[in-house]
Amino acid sequence: MPVASKEKKRVMDFCKYPSLIEVPDLLEMQRASYEEFLQRDVPPEKREYKGLEAVFRDVFPVESYNEKMSLEYVEYRFAEPRYSMEKCEEEELTYAIPLYVKLRLNKKETGEVIEQEVYLGDIPLMNERGSFIINGTEKIVVNQIQRTPGVFFEETTATSGEGKASYRARIIPERGNWLDLELKDGLLYMRINRGRRFLGTLFLRALGASPEDVLNQIDSPQDREILRRSFEQDGASSTRDALLKIYHQLRPGRPPVFESVKEVFERTFLNPRYYNLDKIGRFQINQELGLNTGWDCMVLRLEDMVGVVRSLLKINREAVELESMDHLAYRRVRRIGDLLTEQIRIGLAHLSRIVQQRMSIQSPETITPRSLVNTKALRGAIESFFHTGQLSQYLDQTNPLAELTHKRRLSALGPGGLSR
């Protein structure tokens, strides 16, 4: 079912010969992506974990600072558009559908449960031509080509002490911190978000590995010697010590408390809400390292890190020729559904912080889901995407071919891509 149905015009065919190949729908990718994002015609209990449904499940529940209340997501629905496309074009309005979300507030002290439906704003609706009517003007969202998440090995400009080429492993998640591993002076080093360098064996210890567990999985005596020296010089004797040292890298200058240190590490690297490889990243890591981890595992595991270290040591030892990270095999196309999902995730993350603040201010006796929710956060995120986003552009209406070409265009710019 199309996103916005409209009666199709009758097409007259004056060809002398019948068509041998059916002309494909060249805008199917855009429309299908937006339908998957909205899941408008799917019953709430049958909606899949993707698009708008995935964002709501990730952001909610939102708990108060004292953990005495929580706001949970139940389901969402769309109402019919307030105005037709023709009226929106004439009166410079936005063709959109209202979004209503059913939320449940749990008051843990009293056991009271309040369930209400809350209006969160309007979401622009794609028409059958694959475009949007924004303030009376027809606009489209250009697909973005971007580096796929996963693990990549590349040759660096620096050389080792022996004059050989130096190599680096980079783990890029869909959402979260980048991790770089490299060899220097016979030791394994690591960086988080291109920050300060520290010994990579600390990260292995923080994941619960002991030196014996890691060394037993390495075949080459030369590689085992590199790891053994790294373990000896990392200055940690337990998982606790490793977590404290990594905490100094993540939060420099803050006094460490072990309970908060462990919580920060788990939230940063082991919680799919904050660190997510996505199915594409998990597939790429499995292919690159020869693993068989299920696609539902979206975070880094100890086996992944050991596999990355083992591959990096092997590449450094054998000096193999690597494919460029700019190869199209390491690129993917982010469609309108993926782009808008990330934008709404930003808006809902802002909304969750507002909800937590209001939970601590408002009276527990009179508080309700509607009094907690501020729709400006989500509305602002959607408006900034369609009004000022780099990938939201005015439709080229020079001729039908220019219009079709513009809708199928790929761009490397935009959020998460290149910058001018």
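Filtered by the rule that a residue be outside any helix (DSSP H, G or I), more than 20 Å from TYR167 (Cβ to Cβ) and among the aliphatic types (A, V, I, L, M), the range 190-213 gives LEU207, ALA209.
Of all residues in the range 388-420, those satisfying the criterion of being over 22 Å from ILE133 (Cβ atoms) and either touching a residue at least 24 places away in the same chain (Cβ under 8 Å) or surrounded by 15 or more Cβ atoms within 10 Å (Cβ to Cβ) (or both) are LEU410, ALA412, LEU413, PRO415, GLY416, GLY417. For the structure I just gave you, tell me whether VAL59 is in contact with a strand residue (DSSP E or B) (Cβ under 8 Å, 6 or more places away or on another chain), without any contact (Cβ under 8 Å) to a residue 12 or more places away in the chain and under 30 Å from GLN362 (Cβ atoms). For VAL59, the condition - in contact with a strand residue (DSSP E or B) (Cβ under 8 Å, 6 or more places away or on another chain), without any contact (Cβ under 8 Å) to a residue 12 or more places away in the chain and under 30 Å from GLN362 (Cβ atoms) - is not met. Is there a residue in the range 57-74 that is outside any strand (DSSP E or B), surrounded by 16 or more Cβ atoms within 10 Å (Cβ to Cβ) and charged (D, E, K, R)? Yes, the range 57-74 contains at least one residue that is outside any strand (DSSP E or B), surrounded by 16 or more Cβ atoms within 10 Å (Cβ to Cβ) and charged (D, E, K, R). Has the range 25-33 got any residue that is assigned to a helix (DSSP H, G or I), touching a Phe, Trp or Tyr at 6+ places or on another chain (Cβ under 8 Å) and surrounded by 10 or more Cβ atoms within 10 Å (Cβ to Cβ)? Checked against the condition, which is being assigned to a helix (DSSP H, G or I), touching a Phe, Trp or Tyr at 6+ places or on another chain (Cβ under 8 Å) and surrounded by 10 or more Cβ atoms within 10 Å (Cβ to Cβ), the range 25-33 yields no hits at all.
Within the range 293-352, the set of residues being at pLDDT 90 or above and among the polar types (S, T, N, Q) comprises SER311, THR341, GLN343, SER352.
Of all residues being assigned to a helix (DSSP H, G or I) and in contact (Cβ under 8 Å) with a residue 40 or more places away in the chain in the range 214-241, which is nearest to LYS314 (Cα to Cα)? Just the residue, please. Out of the qualifying residues, it is ASP223.
The values are calculated or read from the model by the stated rules, or taken from the named source; none is laboratory data. For clarity, every value in this text was computed on a predicted model and none was experimentally measured. No Cβ is skipped: glycine too gets one built from the backbone with ideal geometry, and neighbour counts run over all protein chains shown.
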